1. Whole angstrom only: what separates the Cα centroid of the range 178-202 from the Cα centroid of the range 362-419?
2. Please give the contour-minus-distance gain from Phe322 to Asn290: 0.36 nm per residue of separation, less the Cα-Cα distance, rounded to one decimal in nm.
3. Would you kindly derive the ³J(HN,Hα) couplings of the range 172-182 from the backbone phi angles with the Karplus curve 6.51 cos²θ - 1.76 cosθ + 1.60 (θ = phi - 60°), listing them in order in whole Hz, with x for Gly and Pro?
4. Give me the number: length gained by fully extending Phe174 to Leu137, i.e. 0.36 nm times residue separation minus the C-alpha to C-alpha distance, one decimal in nm.
5. Give, in nm to one decimal, the length gained when the segment between Ile144 and His272 is fully stretched (0.36 nm per residue of separation minus the Cα-Cα distance).
6. Working with all protein chains in place, sort Ser366, Ser264 by solvent-accessible area computed with a 1.4 Å probe, largest first.
7. If you rank Tyr389, Tyr53, Tyr360 by how much accessible surface each has, with a 1.4 Å probe, what is the order from largest down?
8. Determine the sum of side-chain charges near Ser382: Lys and Arg each +1, Asp and Glu each -1, restricted to other residues whose C-beta is under 14 angstrom from that of Ser382.
Amino acid sequence: MNIFQELKRKDHPRILGGLDIFKYIGPGLLVTVGFIDPGNWASNFAAGSEFGYALLWVVTLSTIMLIALQHNVAHLGIVTGLCLSEAAEKYTPRWVGRPIIISAVLASISTSMAEILGSAIALQMLFGIPIAWGSILTVVAVSIMLFTNSYKRMERAIIGFVSMIGLSFIYELFLVDIDWPAATYGWVVPSVPKGSLLIIMSVLGAVVMPHNLFLHSEVIQSRQINTKGKVSIEKTLKYEFMDTLFSMAAGWAINSAMILLAASTFFQNGTHVEELSQAQALLAPLLGNNASNIFAIALLLAGISSTITSGMAAGSIFAGMFGESYNAKDTHSVVGILISLGVSLLIIFFIADPFEGLIYSQMILSVQLPFTVFLQVSLTSSKRVMGVYANRPWNSVFLYFLATIVTILNIWLLVESLM
């Protein structure tokens, strides 16, 4: 090696090229697929069909919240090498951390219930299988894939197909008559039409899902960046934000497209969506007579992939209580997965209206969300936990402000429901 090469190596480290960013893309996309799920679809279709463009601001707000919170929790995993559940067990008093972690397991159960229901509805649309039997088949299939890790073989195919349907919703915006001035106003100006608070909370909970915060920290901590030195940590911190921003922006576009299409297709005609099967009409302009089957297949794959991620999140959360990372062959992770899938399946047997069950399941997520956010921000703001990478004061204030907004909405919903 000549002196010029040596100087280049020591004093002028290689600048990352444009393609290098793809080395850091991944955890955010996994989370994005997790919130383009049956519960999310139901919330968006209900929002658009009942309130037109008026609730688009919820997608904007929830996406901003999601970017900030997912980026923040990823920092925890990168810097500490711990997932959110492990960090809570290690750094918070048990009487504080344990109840929040247990409530997060309950949120994962609520999520799994929605995903299993969505898959069962899809099986009913495709083959006429009753909801109960479709739910059982979904749980059996997901359990096999989780415990054998076989889901990894079809993960890219599922992500690709679900993404294709999401992009189809976006493409269809050019095929229908959208009132763009009204839509733009709806994106940026908050309004709470009478009777809309439940839908607002369900849309918010469907996007900013508590279990996804735990899952994101688990996925990124598994790379053990914290063991590779300061340069690696800082490089990953920089490019992780690009992963989060890109993934969540894609989610914002797809969620917005669902509401816009529902508003232009159903709201304009005075039709309220009361079953997910009605939503297949949104794809008819693009897919024609095949819309029903393709919609059902996309719903089935979205449900299965999201059930897998909610099961993984439950396994990670439960294992974290014992200071362990997620491992589908470890007892604590297995117990967490089985609790999430088993309890959610049991609840489904007592649900009379599957579509309403989807809406309420997402609302439950928003109720739990402030507890997870306050826990997360307290950890990432602590120098004892994060060292020099702790949140700056303005960042902590902003994140606590987001948690306060959700708390206020929850209290408002509670008061409204009691009146």
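The values are calculated or read from the model by the stated rules, or taken from the named source; none is laboratory data. Model, not experiment: these values are computed from the prediction. All Cβ positions, even for glycine, are placed from backbone atoms using ideal geometry, and neighbour counts span all protein chains on display. What goes into the accessible areas is simple: the full protein's heavy atoms, side chains included, and nothing from ligands, DNA or RNA. Shrake-Rupley method; radii C 1.70, N 1.55, O 1.52, S 1.80 Å.
1. The distance from the Cα centre of the range 178-202 to that of the range 362-419 comes to 23 Å.
2. Details: separation 32, 0.36 × 32 = 11.52 nm, distance 4.87 nm.
Answer, rounded to one decimal: 6.6 nm.
3. Values per residue, Gly and Pro as x: 5, 4, 8, 9, 10, 8, 9, 7, 5, x, 5 Hz.
4. On the way: separation 37, 0.36 × 37 = 13.32 nm, distance 3.76 nm.
Difference between extended and current length: 9.6 nm.
5. 42.4 nm
6. Numbers: Ser366 0, Ser264 25 Å².
The ranking, largest first, comes out as Ser264, Ser366.
7. Numbers: Tyr389 50, Tyr53 25, Tyr360 100 Å².
Output order, biggest surface exposure first: Tyr360, Tyr389, Tyr53.
8. Numbers: positive: Lys90, Lys383, Arg384, Arg392; negative: none.
After counting each charged neighbour, the total is +4.
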